[in-house]
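None of the figures in this text is laboratory data; all of them are computed from the coordinates on show. The structure presented is a predicted model; accordingly, all values stated were derived computationally and were not measured. Methodologically, a virtual Cβ is constructed for each residue, glycine included, from the backbone with ideal geometry; neighbour enumeration extends over all protein chains shown.
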Amino acid sequence: MMSLRSSFSASEAKPLGRWLALTQQLKDLLSMALLGFALLFGVLVGIAIPGLVLFFVRWRLLGTTTSHATRNTIWLLTLLHELVWAAVFLSESGASEMGDTTSLGYSYALGVVVSICGLAATITTKTDVPDAA
């Protein structure tokens, strides 16, 4: 049986990881557009700030000077963020309190899939580049 590690080469995984990061960023831009005024309210209340910080940190995944550990951390935090918000927006109690949030729930569910793929692509290739401090 062929292992997942041997199915990806380092040269294939870097562009795949960047493509997945770009996909995640575009998905988040669309989610922010769907949120509209609710995003502004979320920033004022503070609930949207961790997601926005993660959005800006995730741009590092598109660069070439990010270490393996940093990439893993960013993808893991992204996965946790997407899981939490998918659960909130797809839950019945969340939908009843916030109105129809199904499209946002599906957006975050898509983010979970992209994050799992990004994390898997990062984990399966260990081509460490030192952080540019």
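Tabulate in residue order the Karplus-calculated ³J(HN,Hα) for segment 61-77, using 6.51 cos²θ - 1.76 cosθ + 1.60 with θ = phi - 60°, rounded to whole Hz; enter x for Gly and Pro.
Running phi through 6.51 cos²θ - 1.76 cosθ + 1.60 with θ = phi - 60° gives 5, 7, x, 10, 10, 9, 6, 4, 5, 5, 4, 4, 5, 5, 5, 5, 5 Hz.
Using the number of other C-beta atoms within 10 angstrom as an exposure proxy, rank Arg71, Arg58, Arg18 with the fewest first. If you can, show how the numbers build up before the last one.
Working: Arg71 24, Arg58 21, Arg18 16.
By the 10 Å Cβ count, ascending, the order reads Arg18, Arg58, Arg71.
Roughly what would the spin-label model give for Leu83 and Ala33, points 7 Å off Cα along C-beta, in nm?
If labels sit at Leu83 and Ala33, their model points lie 3.0 nm apart.
When the dipole is taken about the Cα centre of segment 17-123, and only Lys, Arg (+1) and Asp, Glu (-1) are charged at their Cβ, what size is it in debye, to the nearest 20? Before the final figure, lay out the partial values.
Values: 5 positive and 5 negative charges, 112 e Å.
The calculated dipole for segment 17-123 is roughly 540 debye.
Which value in Å is the Kirkwood Rh of segment 16-101 over different Cα pairs? Show your work: numbers first, answer last.
Working: mean 1/r = 0.0715 Å⁻¹.
About 14.0 Å for segment 16-101.
Can you give the local net charge around Gln24? Use residues other than it whose beta-carbon is closer than 15 angstrom to its beta-carbon, Lys and Arg +1, Asp and Glu -1.
Values: positive: Arg18, Lys27, Arg58, Arg60, Arg71; negative: Asp28, Glu82.
Result for the local shell: +3.
For Val53 paired with Arg18, estimate the spin-label separation in nm (one decimal), with each label point 7 Å from Cα along the Cα-to-Cβ line.
2.8
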